[in-house]
1. Just for region 114-145: of the residues that are modelled with pLDDT of 80 or more, of a type outside the set (Val, Ile, Thr) and in a strand (DSSP E or B), which one is surrounded by the most Cβ atoms within 10 Å (Cβ to Cβ)?
2. Please state which one of 146, 122 is closer than 23 Å to residue 70 by Cα and over 12 Å from the mean Cα position of the chain (by Cα).
3. Any residue in region 86-113 that's hydroxyl-bearing (Ser, Thr, Tyr) and part of a strand (DSSP E or B): show its pairings with residues that are modelled with pLDDT of 85 or more and open to solvent by less than 20 Å² (accessible area, probe 1.4 Å) at Cβ separation under 8 Å, as long as the two are six or more apart or on different chains.
4. Only one of 198, 184 is open to solvent by 40 Å² or more (accessible area, probe 1.4 Å) and not in a loop (DSSP other than H, G, I, E, B). Can you tell me which?
5. Based on what the data block shows, is residue 29 at pLDDT below 90, more than 30 Å from residue 84 (Cα to Cα), of a type in the set (S, T, N, Q) and not in a loop (DSSP other than H, G, I, E, B)?
6. Let me spell it out: the conditions are (1) open to solvent by 40 Å² or more (accessible area, probe 1.4 Å); (2) closer than 25 Å to residue 108 by Cβ, and residue 174 meets all of them except one. Which number is the exception?
7. Within the group 158, 221, 189, 209, which residue is in contact with a His (Cβ under 9 Å, 6 or more places away or on another chain) and crowded, with 21+ Cβ neighbours inside 10 Å?
8. What number of residues in region 43-64 are at pLDDT 75 or above and crowded, with 16+ Cβ neighbours inside 10 Å?
Amino acid sequence: MSVPRPRSRNRSFLAVTAAGTLVLAWSGTALAAQQGPTTVEPAGAAFSAELIGSAVFTAGDVTITCDVSTSVPGDGNNLIPEAPGNHNPDGAVGGPINAPDFTDCTTNVFLVSATVTVNDPVWQMTMQHGSPYVATMVVPAAGIVVNTSGLATCTATVSPHADAPIGGEWTNGDPVSSLAFDTTTPVSVEGGFGCPNTDEAGFSATYEVTNADTPSAPITVS
């Protein structure tokens, strides 16, 4: 969420996994923020997002649970714009973020494992004041690919033909804010036996968002 600046810090279950890897969120659900002025503070601060508990991905009777997902500052990303860029009188405030990883995943499908590849390391994110407050991430077209192995060998590509805007509900906190997702995303699945015939998967997860510069000063949207 910034203008980069010199800074350095350091058919079945397949579609479900693809949904999970995306995110901090999916924007299939209607999380429509009212357009209006937005301010994100503190100006110029770096922010980190870390999964609270587990992310749950569902497709029919299949569930995939991932326990680790983070997005951290670095390479001029995950930064709130310096003032006055942290305020937009006409809409959202945003910029580039480092794509989250997604690891420590298990499935409820016997003898099936999954790996997730993030093809684009930098995504875009905006924050919008409204009712509710909404944080939207834009995942590049085909930016996430999930491969499964074991009893089913499949490849799932998230939104293969277009960028995917993914919206989550933002809640201000002190000192930790939160970003919650409960939505769906389009996927394309290839493979044989055991691969789902589906073009949509569900995803739910909640992230803690903290100020990486000064943890006691919360990241807030107003």
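The values are calculated or read from the model by the stated rules, or taken from the named source; none is laboratory data. Note that the structure is predicted; figures quoted are calculated from it, not measured. Quick reminder, even Gly has a Cβ in these numbers, built from the backbone with ideal geometry, and neighbours come from all protein chains shown. Areas reflect the complete protein model, heavy atoms only, side chains present, ligands, DNA and RNA absent. Shrake-Rupley method; radii C 1.70, N 1.55, O 1.52, S 1.80 Å.
1. Step one: list which residues in region 114-145 are modelled with pLDDT of 80 or more, which gives 119-143.
Now drop any that are not of a type outside the set (Val, Ile, Thr), which leaves 119-121, 123-125, 127-133, 135, 137, 140-143.
Next cut, in a strand (DSSP E or B) only: 123-125, 127-128, 133, 135, 137.
Values: 123: 24, 124: 17, 125: 24, 127: 27, 128: 26, 133: 21, 135: 29, 137: 27.
Once the filter is applied, the top-ranked residue is 135.
2. Details: 122 fails: over 12 Å from the mean Cα position of the chain (by Cα).
Going through 146, 122 in turn, the sole match is 146.
3. 103/69
4. Details: 198 fails: not in a loop (DSSP other than H, G, I, E, B).
Criteria check complete, one pass: 184.
5. Values: at pLDDT below 90: yes; more than 30 Å from residue 84 (Cα to Cα): yes; of a type in the set (S, T, N, Q): yes; not in a loop (DSSP other than H, G, I, E, B): no.
Taking the combined requirement at face value, the residue does not satisfy it.
6. The number of the failed condition is (2).
7. Values: 158 fails: in contact with a His (Cβ under 9 Å, 6 or more places away or on another chain); 189 fails: in contact with a His (Cβ under 9 Å, 6 or more places away or on another chain); 209 fails: in contact with a His (Cβ under 9 Å, 6 or more places away or on another chain).
Criteria check complete, one pass: 221.
8. Selection size over region 43-64: 10.
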